[in-house]
Amino acid sequence: MLYLQTFIDALMIGGVYSVIAVGLSLIFGVMRVINWSHGESLMVSMLIALYMNQYTPLDPYVIMLIVGAVMFVYGYVLQSVVISRILSRETDREPISCLLFTAGLGMVMSYSVQIIFGSKQVMAQTKYNGRALHMGDLVVSLPKLIAFIIAVVAVAALWTFLQKSEYGRAIRATSQNRSVATLMGISEKRVYSVSFAIGTMLVGLAGGMLIPYFSVYPTVGSVFSNKSFIIVVLGGKGSVPGALLGGLIVGLIEKFGALFFSESVAQIIVFLMFIAILLFKPTGLLSKDKG
Amino acid sequence: MIDKKKLLTPKNILVTVVLLILALLPIFPTTGAYAIQLTCLTMLFIYWASAYNIIGGFAGHTSLGHACYVGIGAYVAVMLYLYGGISPWIGMFIAGIVAAVIAGIIGYVTFHMRGSYYTLSSVALLNCFRIAMAASKEIFGFKTGGAVGLKISWMGESVSGMQFVSKVPFYYIFLVFMILCVLLCWYIKNSKMGYYLAAITTNQDAASSLGVNIMQYKLMALCSSAFLMALGGAVYAFFLTSIDPLSMFNYDTSARIMLMTVVGGLGTLWGPVLGAALLVPLNEWMRASFGARLSGLSFVIYGIILMLVVMFLPKGLVSLKDKYEKRRYEKQQAKEVAVKEASVHE
């Protein structure tokens, strides 16, 4: 029974890891850019959701959608106004300057929040806090269950969008070969902006779904972004099902590692697995990319 | 024969004057303890930024977890001293070798892949070490102090134990370290290795097809960088007299070292020197004048500086000089053309 409980807990946190990592993976896969401020975007999303929850009567999951939309606009503007300029200067296949720029942006975001709001942990008070479903001996936290379901639906929706829709095809084409895609009449810049915006939108949704059970503090982003980096490599960059699988695997290792050993041993196992993947299957578990 | 004219360039004179001032600074009676402390930190960061530049600049692999090697150096040297009685002067080289081996393993795994894989794993390695050191009370039966860390207890002034009442001996250690590191960077940049690395960062496929062993040279760059970082970390530990996982395996320190190099000029000899010499005093000054409440302010400014430099000055502050000279040259050319045209018209 304990194992089943741990398994359920692992899946639920793994789902949230997935939805955060999918955004990073999409940006990495399409633009070959690592958005180093990904975690800080999550932190800001959580903060916006926290304040909206405090000062508006809206349901936390309606707020989540609003934050997602806000982060979509943020990502679109950031990419089309700033990052595209840096990107156009780069000739390298994986531009390092975008990574450096977003690292600077992340620093500004987390330390500005620290200065303005202090570094204490704040927990949002929503009507979902602490509510749980009891099924026999099993206890399932309601906000975690909702977060897991939304996460899986969001990842599935993204996958369907990329596989079935016309614009999804354009995004995939650009990630495979951007010069040929441009020849086919696809606007590279717009594809990049939309991909970046989807990536930050997913982070916005994740921020919204996290606040009923995860406290907000200036460095909360790095907790998730460090895992996302590992999940992206694990699943294969740009691979949506890979990120879902990777997120669930990391969740499982963390929870079972903590059960059998300790939380820090679990973190080390995750890292060793990351190294093993780089050694034996560097393109990731579910990537068709040849590196 | 050495050409005297070549030696007396403005740059060489400036470097000599700065080094003379640095060498004499502790002797001046007006120099306070704060100035010594600040200069120590600045020189240490110049040393670290230059060491980082070998992998980050020359070899073109950004690392955001370079403080990992600082931490490894500090822990290995301190534990060798506390439990083995080994002098830090020897211990720091052992620490350097340990760091280089660990870096070599990570490099071997990630350099197969192009692009940002090393960057990702550098942060993962840093976090892994920090969590492991904070959680484990002992390694191989020797106490590490867990999250609290270790203290180097005072055992009287000794040169072999690197324990001094005043910070001035550390000042000279950092000064020598800094000079040697910059000289080493100069040597690497102008050696076969430097040219190969430049070829690799410019076009890896072309370099590879010309027979450059990419893995070997990248590993050489990474291992020497990690070795130097650990050496600095070991001395820094004895300078502080206490170490703990959070301050040693620190992400912010890693980011600062990277940032100084990028702001100064990635892959140039003087870029890291200039970057650290400007940004360390800025940080200390801000911390002194704004206090703990606004302690994050310097990082906000760091971040803004980094973003501005990446956007408008991608080759760093050092490239300002080239830009200035280019503009002056162009003006001179224009003037000469104008004079010529004028004479033709006459």
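Assorted remarks:
- Choice from A:240, A:108, A:73 with maximal GNM fluctuation in chain A (Cα, 10 Å cutoff): A:108
- Here's the list of lysines a cross-link from residue B:335 could span, going by alpha-carbon distance under 23 Å and ignoring same-chain residues fewer than 8 apart: B:321, B:323, B:326.
- For chain B, built as a Gaussian network whose Cα springs stay under 10 Å, the top-fluctuating residue of B:271, B:84, B:65: B:84
- Gyration tensor (alpha-carbon) shape descriptor, segment B:1-116, a/c threshold 1.5: oblate
- Rounded to the nearest 100, the interface formed by chains A and B buries 3600 square angstrom of accessible surface, both chains summed, with a 1.4 Å probe.
- Here the simple spin-label model places points 7 Å from the Cα toward Cβ, and for residue A:85 and residue A:272 these points are separated by 4.8 nm.
- Spin-label pair residue B:215-residue B:241: with each label point 7 Å from Cα along the Cα-Cβ axis, the two points sit 4.8 nm from one another.
- In the assembled protein chains, residue B:157 presents an accessible area of approximately 110 Å² (probe radius 1.4 Å).
- Proximity of backbone amide H atoms, modeled 1.01 Å from N, is registered between residue B:163 and B:158 at under 5 Å, excluding neighbours fewer than 5 places apart on the same chain.
- Put simply, segment A:1-122 fits an ellipsoid with semi-axes of 29, 21, 15 Å; these come from the alpha carbon gyration tensor as the roots of five times its eigenvalues, largest first.
- Number of Lys-Lys pairs in chain A with C-alpha atoms under 16 Å apart and a separation of 8 or more places or on different chains: 8.
- With all protein chains kept in place, the per residue accessible area of segment B:17-315 amounts to 40 square angstrom at a probe of 1.4 angstrom.
- Largest GNM mean-square fluctuation across B:301, B:13, B:200, computed for chain B with C-alpha springs under 10 Å, falls on B:13.
- Evaluated at q = 0.19 Å⁻¹, a Debye calculation over the C-alpha positions of segment B:164-278 (equal weights, vacuum) places log10 I(q)/I(0) at -1.17.
- From phi via Karplus (6.51, -1.76, 1.60), per-residue ³J(HN,Hα) for segment B:194-202 in Hz, x at Gly/Pro: x, 5, 4, 5, 4, 5, 5, 6, 6
- Estimated FRET transfer efficiency (residue A:117, residue B:287; beta-carbon r; R0 22 Å; 0.05): 0.65
- Between residue B:25 and residue B:159, the FRET efficiency from the beta-carbon distance, with R0 = 35 Å, is close to 0.95.
- Length, then width, then depth: along the principal axes, the Cα atoms of chain A run 59, 46, 35 Å.
- P(r) tail fraction, segment A:148-291 - alpha-carbon pairs more than 17 Å apart, %: 67 percent
- Put simply, the amide H of residue A:132, placed in the peptide plane, has neighbours under 5 Å in A:142, leaving out anything fewer than 5 places away on its chain.
- Exposure rank, largest accessible area first [A:205, A:272, B:294; 1.4 Å]: A:272, B:294, A:205
- Calculated diffusion of segment B:224-346, Stokes-Einstein form, Kirkwood radius summed over Cα pairs, 10 °C and 1.306 mPa s, µm²/s: 90 µm²/s
- Rg/Rh for chain B (Cα atoms only, Rh after Kirkwood) is 1.03.
- Principal-axis tilt of helix A:142-164 within chain A, Cα atoms, nearest 10 degrees: 20 degrees
- Using every pair of separate Cα atoms, the Kirkwood estimate puts the hydrodynamic radius of the protein assembly as shown at 26.3 angstrom.
- Residues residue A:3 and residue A:132, FRET efficiency given R0 of 25 Å [Cβ-Cβ distance, rounded to 0.05]: 0.85
- Taking each DSSP H run with n ≥ 4 as -39500 (n - 2.57) and averaging over every residue of chain B yields -24000 deg cm²/dmol at 222 nm.
- Separation between Cα centres of segment A:151-217 and segment A:22-81, rounded to whole Å: 12 Å
- Exercise: per-residue mean of other protein chain Cβ atoms within 10 Å, B:296-309: 6
- Rounded to whole Hz, the Karplus (6.51, -1.76, 1.60) HN-Hα couplings of segment B:15-21, x for glycine and proline: 4, 4, 4, 4, 5, 4, 4
The values are calculated or read from the model by the stated rules, or taken from the named source; none is laboratory data. Bear in mind that the values here come from a model prediction, so they are computed numbers and not experimental data. Because the Cβ atoms are built from the backbone with ideal geometry, glycine has one as well, and the counts that use them run over all protein chains shown. What goes into the accessible areas is simple: the full protein's heavy atoms, side chains included, and nothing from ligands, DNA or RNA. Shrake-Rupley method; radii C 1.70, N 1.55, O 1.52, S 1.80 Å.
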